[in-house]
Amino acid sequence: MSDFKELAQAGDNGMLSADRRTFLKSLASAGAVIAIANNSAWADGEIGFWAKDLPNEKLIDMYRTILKIRWHERTQADQMLTNPEYRGYNHFYAGQEAVATGICAALRNNGPFEQIDLVYSTHRPSGHAIAKGVDIPKMVAEMDFRATGLNNGYAAEMHISDPSVGFVGADGMIGPGHVTATGSAFAFRARGSDQVSVVFGGDGTYATPQFHSALNNAKLLDLPFIYVLENNLYHQYAHYTYSCPHKDIADAARAYGIPARVVDGQDVMQVYNAAREAVDRARAGGGPTFIEAKTYRYYNHWGAPGAKAGELGAFGYDPLAITSFRPEREVRAWMQRDPVNICRKILIDWEVITEEEGAEIEQAVKLEIAEAFEWGLAQPLCTPEDGLKHVFAEGSVPPRQFG
């Protein structure tokens, strides 16, 4: 048995314990405040009823998607911590799984490119990519610069792309994707398509000109555009209040006259309901929507400093944190409302699955991800000569710099 499968079949250090399954339910009333120890995830409360009307297969698929993202991130972190040959440059998405899953579950992800909805991602793209339906083994290969990866090793993490499922791609810069996404939305309207353009952005995007330009143009032209802001409280290591005067960044969107929702980003059902409302509005010609998801990342901004192999989250010192650092108690408090546990508990409460079935689904996903890494990291590496290809439309660049 490979190391990957052994890791998947091993226990996950008590992360399925009864304590970890305990969480505070989101309150149903509008403007509800969801308590998280000494912190709060402010949200508008339960929005709509669509999630409750979804077929069991769809609900289970959402749970499975959250698990795929979680175990991809955990396996990737372990690779960075234990495998000296792993070359991935990764910004982990663990903790935010419910946001990508809930948004993409409301989109059209299958069919011709001229019909599916498009997603523009960030420098933290793996969760968005998996939720949109990219080929995970090929994504694993791509993120380790393998020649047979999703983009032949040219994209790695921050430029990964799969147009076949409407995942236009990640963006290593903070902000430009928002303007490009509104351009796609304009194209949809110009040709009479009912497609929707979605862009994900972090709380740090508020301070960029592209944030305001995208919202301004989306409203002026009433574009089928959805801005999903994942407010995980920190851009790199600085708390978002250092650069934003709003508690809810959604207030900035409301200033442009755009309908805005603040949702509990740990609850996939609440995210889905807000996304469904936004997608229906966009398809009907009702214009853009802004969704702010209050969420949290379990690892530091980049890589795995402070993390330990086989354990979820990072709690130790990060040498890249120059100006400020997240309190360990804050990280652990947010982990008490884990997206995996919340989704599982909801499905059990709704009698969609049993406790045992939930555990079986997770075990199957762990093996699936282990096999994806086993395949991806066995692929051939790129060669220096590969960098001379695709510079021009045809042929290769002569290797003059090699003498």
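The values are calculated or read from the model by the stated rules, or taken from the named source; none is laboratory data. Every value quoted in this text rests on a predicted model; they were computed, and no experiment measured them. With ideal geometry, Cβ positions are generated from the backbone for all residues, glycine too; neighbour counts draw on all protein chains shown. Side chains are part of the model used for accessible areas, which takes the heavy atoms of the whole protein and leaves out ligands, DNA and RNA. Shrake-Rupley method; radii C 1.70, N 1.55, O 1.52, S 1.80 Å.
Summary of computed values
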{"quantity": "Failed condition for Ile291, given (1) under 19 Å from Leu81 (Cα atoms); (2) open to solvent by less than 10 Å² (accessible area, probe 1.4 Å); (3) within 17 Å of the chain's Cα centre (by Cα); (4) hydrophobic (A, V, I, L, M, F, W, C)", "calculated": "(1)"}
{"quantity": "Residue satisfying all of: in the stretch 341-375; farther than 23 Å from Gln76 by Cβ and free of Cβ contacts under 8 Å to residues at least 24 places away in the same chain; most open to solvent (accessible area, probe 1.4 Å) among these", "calculated": "Glu351"}
{"quantity": "Enumeration of residues in the stretch 221-247 that are open to solvent by 20 Å² or more (accessible area, probe 1.4 Å) and part of a helix (DSSP H, G or I)", "calculated": "Thr241, Tyr242"}
{"quantity": "The stretch 171-183 residues that are within 15 Å of Lys219 (Cα to Cα) and of a type in the set (A, V, I, L, M), paired with ones that are open to solvent by less than 40 Å² (accessible area, probe 1.4 Å) and outside any helix (DSSP H, G or I) (beta carbon under 6 Å, 6 or more apart)", "calculated": "Ala181/Tyr120; Ala181/Ser197; Ala181/Val199"}
{"quantity": "Subset of the stretch 142-187 that is surrounded by fewer than 22 Cβ atoms within 10 Å (Cβ to Cβ) and of a type in the set (Phe, Trp, Tyr) - its residue that is farthest from Ile116 (Cα to Cα)", "calculated": "Phe145"}
{"quantity": "Members of the stretch 248-259 found to be in contact with an Asp or Glu (Cβ under 7 Å, 6 or more places away or on another chain) and not in a helix (DSSP H, G or I), listed by number", "calculated": "Asp248, Ile249"}
{"quantity": "Ala129 vs. criteria of a type in the set (A, V, I, L, M, F, W, C) and either farther than 19 Å from Lys58 by Cβ or open to solvent by 20 Å² or more (accessible area, probe 1.4 Å) (or both)", "calculated": "yes"}
{"quantity": "The stretch 275-314: number of residues that are under 26 Å from Val263 (Cα atoms) and part of a loop (DSSP other than H, G, I, E, B)", "calculated": "15"}
{"quantity": "Options Phe392, Phe402, Phe373: the member that is hydrophobic (A, V, I, L, M, F, W, C), at pLDDT below 85 and closer than 21 Å to Ala147 by Cβ", "calculated": "Phe402"}
{"quantity": "Helices (runs of 4 or more DSSP H) wholly inside the stretch 51-145 that include at least 2 residues being within 20 Å of Lys294 (Cα to Cα) and touching a Ser or Thr at 6+ places or on another chain (Cβ under 9 Å)", "calculated": "56-82, 97-104, 126-132"}
{"quantity": "Cβ pairs under 9 Å, 6+ apart, first in the stretch 256-274 and without any contact (Cβ under 8 Å) to a residue 24 or more places away in the chain and under 22 Å from Ile69 (Cβ atoms), second among the aromatic types (Phe, Trp, Tyr) and open to solvent by 10 Å² or more (accessible area, probe 1.4 Å)", "calculated": "none"}
